[in-house]
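Student: Below is the structure I would like to discuss, written out as structure tokens.
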């Protein structure tokens, strides 16, 4: 690579730090949580306002905007159909309660931007935008066309990209900076299941994992209130010691007034919250290419007077959604429950680990991070599950300040934050990746 050019790019990245922080703070201020559909806003006014905000950023710097649908847009430094797409999302999960910082009045604190969506993934969005703007200002010639794509339903099913693909041809290759370096070349499948007790529990109501309080459980049991809490965790990395549902079920199982016929339901809830790899369901199958199945008991709601648990399963390519559903139905029936809904929301995918693009991106990322990591399988859900020839490429944005309490600062968590140093490192990695792709056939 041209070392003189790389030095120019790196200097521009350093100079862009304040603008990167300001634009990230601005976008965090748009509360882009999914809401009720409105005309022109299928996922609510917040996600739509976020797309409008990105269009405005692009127009400010002379980018060319494209509104593909009411839920997917792009901004590009040049006109024309893109060959390479970099895909990010503007929607965020609900902020919940218990923040020490204001989730939507973002602030810079000890080199980090703190606010909902900072690292998932508005900081990354601004980092890519500023990098493409640097390429534009330096007039760096690329033999392919590139665009920054932004969707608005990544956190709730990726229907935005699914709709896009029914109407438009995607870029030949896509990069998704919503994971970690060096590079992810495959991803697990995902299915959500709703499992309901066949009859109400006697003297007990339970709620857990509600939108506003995602890591809290509460029960009214025999005239008293029980509350349990757990530390925030991403769905791809549940705690093997359980969560708030585990603690709640354990306390209820100790109640002397508990009806014997209700015990299997509570034992099922406890077991599901602890069996994070699906061992008791026969879902922890050997995989040659992917990490084990992950099972998460996410929430409990009262439906028609009966407790209903939502369970999320992320599974390797050796399993199918149908197999998981059959196993869960059998386990539920044996304990006085039934599966009332199953929603397969993403299929597993696997690209060639030895594809030259994969190996070159891994080399570049490792060189700048100082690591020696291998390309990997993505544990969480990203747009790469839906797009052809898509790779998860960085950005490792969350690096909370040392004085943050354990469990704070991560994606989806309380006081979510993104490190400006990490974003600038990612910009340098992406700059070298874009130049490398300019020298390759793909």
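Values quoted throughout were computed directly from the atomic coordinates according to the rules given, and no laboratory measurement underlies them. For clarity, every value in this text was computed on a predicted model and none was experimentally measured. Ideal geometry is used to build each Cβ from the backbone, glycine not excepted, and the neighbour counts take in all protein chains shown.
Student: Based on the alpha-carbon gyration tensor of the stretch 92-168 and its eigenvalue square roots a ≥ b ≥ c, which shape applies: rounded if a/c is under 1.5, prolate if not and a/b is larger than b/c, or oblate?
Tutor: Cα axes put the stretch 92-168 in the oblate bin.
Student: A further question follows. In the stretch 7-39, whose amide N lies under 13 Å from the spot 7 Å out along Cα-to-Cβ of residue 67? List them in ranges.
Tutor: 39, by backbone N distance to the label point.
Student: Taking the alpha-carbon centroid of each part, what is the distance from the stretch 1-38 to the stretch 237-280 in angstrom?
Tutor: Here the two parts' Cα centres lie 44 Å apart.
Student: Separate question: If each residue of separation counts as 0.36 nm, what is the full-extension length gain between residue 169 and residue 237 once their alpha-carbon separation is subtracted?
Tutor: Extra length from residue 169 to residue 237 when fully extended: 21.1 nm.
Student: Then there's this: Just grab the label-to-label distance for residue 320 and residue 356, each label 7 Å out from Cα along the Cβ direction, in nm (one decimal).
Tutor: About 3.7 nm separates the two model spin labels.
Student: Counting only C-alpha contacts under 8 Å and six or more residues apart, can you give the relative contact order of the chain as a whole percent?
Tutor: This gives 23 percent for the chain.
Student: If you don't mind, there's one more thing I want to ask. To the nearest 0.05, how large is the calculated FRET efficiency for residue 210 and residue 440 if R₀ is 45 Å and r is the Cβ-Cβ distance?
Tutor: E between residue 210 and residue 440, to the nearest 0.05, is 0.40.
Student: I need the peptides 430-442, 241-253 ranked by packing, meaning the mean over residues of other C-beta atoms within 10 angstrom, with the highest value on top.
Tutor: Descending packing order for the listed peptides: 241-253, 430-442.
Student: Then there's this: Could you tell me whether the stretch 265-421 comes out rounded, prolate or oblate from its Cα gyration tensor? Rule is a ≥ b ≥ c as square roots of the eigenvalues, rounded for a/c under 1.5, then prolate if a/b exceeds b/c, otherwise oblate.
Tutor: Oblate shape, in that a/c is at least 1.5 and b/c is the bigger or equal ratio.
Student: Could you tell me how far the Cα centroid of the stretch 127-167 sits from the Cα centroid of the stretch 380-421, in Å?
Tutor: Going from one Cα centre to the other spans 18 Å.
Student: Which whole-angstrom value gives the distance between the alpha carbon centres of the stretch 199-227 and the stretch 108-123?
Tutor: That distance is 33 Å.
Student: Another question, if that's okay. Say each of residue 347 and residue 18 gets a label point 7 Å from the Cα, pointing the same way as Cα to Cβ; how far apart are those two points in nm?
Tutor: That separation, rounded to one decimal, is 5.0 nm.
Student: Shifting gears a bit: P(r) tail for the stretch 190-346, what percent of Cα pairs lie past 27 Å?
Tutor: 19 percent
Student: Next question, about the same structure. State, to one decimal in nm, how far the label point of residue 288 lies from the label point of residue 26, with both points 7 Å from Cα in the Cβ direction.
Tutor: 5.1 nm
Student: What does the extension gain come out to for residue 10 and residue 330, with contour length at 0.36 nm per residue minus their alpha carbon separation?
Tutor: Taking 0.36 nm per residue and subtracting the Cα distance, the gain is 109.5 nm.
Student: By how many nm would the segment from residue 338 to residue 372 grow when fully extended, if each residue of separation counts as 0.36 nm and the alpha-carbon distance is taken off?
Tutor: Working it through step by step, the gained length comes to 7.6 nm.
Student: Once percent of Cα pairs over 38 Å apart is worked out from the coordinates, which option in (i) 14; (ii) 20; (iii) 24 does it equal?
Tutor: (iii)
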